[in-house]
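Student: First the structure, then my questions, so here it is.
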Amino acid sequence: MILFPPAKINLGLNVFGKRSDGYHEIETCMYPIQWTDVLEVLPRDQFEFVQTGIPVDCSPENNLCVKAFRLMQKHFSVPNVFIHLRKNIPMGAGLGGGSSDAAYVLRGINELFSLEVGKEELNILAAELGSDCPFFINDKAQIATGRGEVMMDIKLDLSDFFVKVVHPSLHVGTKEAYEGVRFSEQEIRLSGLLRQPIESWKHTLENSFESSVLTKNTLIADLKDKMYADGAIFAAMSGSGSSVFGIFSELPNQLKNETSWVGVL
């Protein structure tokens, strides 16, 4: 079985404050894009995990793909498998690549062994692996609330537009991103803002992390400015960074010296 876990971008990201459990209350719209990793899952007598492509700096047992398989094995006593992850989506980029890989292992094991686990149960399992993981159980735009694991469908069709994502040569840690974050007002709700014309998003959609991250990392700020200079209708940092994306009405340029991806939304 070959699967293609996609990246995501965040259309607005409001951080409302810290919760009693230590997490932050957020609201964001996550939208899948076809910058993908490649995941191969096959039945095997002995479990084996192989990772190629962009190096992942962790032991195999700490990789989210392995954790996802162990979780399915724990709950459903599934046989051993061979997993090969070809990593294409940059890490520490705000694109959710690791979360996507984990969610697609859950989906792949479910399909490979005909477990018939419903999406609601897969969402619950995915939330054990990470806040972004439930989003990747479904292949569509969703509003995420809570710590990011509570999903609500939203009708949002951007298929007439192009997206360019640029990943600079730096990593932004989640802890760093939360330092100095500017909390959003509770009255702001993304579902209403996203119903407005995309031309208005530049003035209405915000990413709470930008206030701290862009101040400390001028390279990211410059990338956002360049997106608008190149004709983007809307541009923002994705997640807690460091990637920046722009939405265009026409196919944007892709420079050879950029770590970037261009595609149709």
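Student: Compute the length gained on full extension between Asp139 and Val50: take 0.36 nm times their separation in residues and subtract their Cα-Cα distance, giving the result in nm to one decimal.
Tutor: On the way: separation 89, 0.36 × 89 = 32.04 nm, distance 2.54 nm.
Gain on stretching Asp139 to Val50: 29.5 nm.
Student: Still on this model: With a 10 Å cut-off between alpha carbons and a GNM built on the chain, which of Gly96, Gly108, Gly231 moves the most?
Tutor: Looking only at Gly96, Gly108, Gly231, the biggest GNM fluctuation is shown by Gly231.
Student: Let me check the size of the range 162-264 from its C-alpha atoms; what are the radius of gyration and Dmax in Å?
Tutor: 13.9, 43
Student: Report for the range 1-130 the percent antiparallel among DSSP-assigned beta bridges with both residues inside it, nearest 5. Present the calculation step by step, with values, prior to reporting the outcome.
Tutor: On the way: 19 of 25 bridges.
About 75 percent, rounded to the nearest 5.
Student: Just want to confirm a number: the relative contact order over the chain, from Cα pairs under 8 angstrom separated by 6+ residues, in percent. Don't jump to the answer; show the numbers that get you there.
Tutor: Numbers: 555 pairs, mean separation 60.4, N = 265.
Once normalised by length, the contact order is 23 percent.
Student: Further question: Using a 10 angstrom cutoff on alpha carbons, build the Gaussian network for the chain and name the most mobile of Ser184, Ser200, Ser99.
Tutor: Taking springs between Cα atoms under 10 Å, the residue moving most is Ser200.
Student: Same structure again: Which Cα, out of Ala236, Leu106, Gln46, lies furthest along the positive dipole direction of the chain (beta carbon charges, K/R +1, D/E -1)?
Tutor: Ala236
Student: Considering only DSSP beta bridges with both partners in the chain, what is the antiparallel share in %, to the nearest 5? Please report the intermediate quantities before stating the final value.
Tutor: Numbers: 40 of 47 bridges.
Given both bridge residues lie in the chain, the antiparallel proportion sits at roughly 85 percent.
Student: So, one more: Using 0.36 nm times the number of residues separating Phe183 and Met91, minus their current alpha carbon distance, what extension gain do you get?
Tutor: On the way: separation 92, 0.36 × 92 = 33.12 nm, distance 2.51 nm.
Extra length from Phe183 to Met91 when fully extended: 30.6 nm.
Student: Dipole magnitude of the chain about its Cα centre, charges +1 at Lys/Arg Cβ and -1 at Asp/Glu Cβ only, in debye to the nearest 20? Let's see the in-between values first.
Tutor: Details: 24 positive and 33 negative charges, 44 e Å.
In total the dipole reaches around 200 debye.
Student: Can I ask one more? Which order do peptides 217-227, 111-121 fall in by mean Cβ count within 10 Å, highest first? Intermediate values should be presented prior to the final figure.
Tutor: Details: 217-227: 16.9, 111-121: 13.0.
The most tightly packed comes first, giving 217-227, 111-121.
Student: What is the calculated FRET efficiency for Asn253 to Ile198, with r their C-beta to C-beta distance and R₀ = 22 Å, to the nearest 0.05?
Tutor: Numbers: r = 20 Å, r/R0 = 0.92.
It comes out at approximately 0.60.
Each reported figure results from applying straightforward, stated rules to the coordinates on display, with no laboratory input. This is a predicted model, so every value here is computed, not measured. Positions of Cβ are generated from backbone atoms using ideal geometry, with glycine treated the same way; all protein chains shown enter the neighbour counts.
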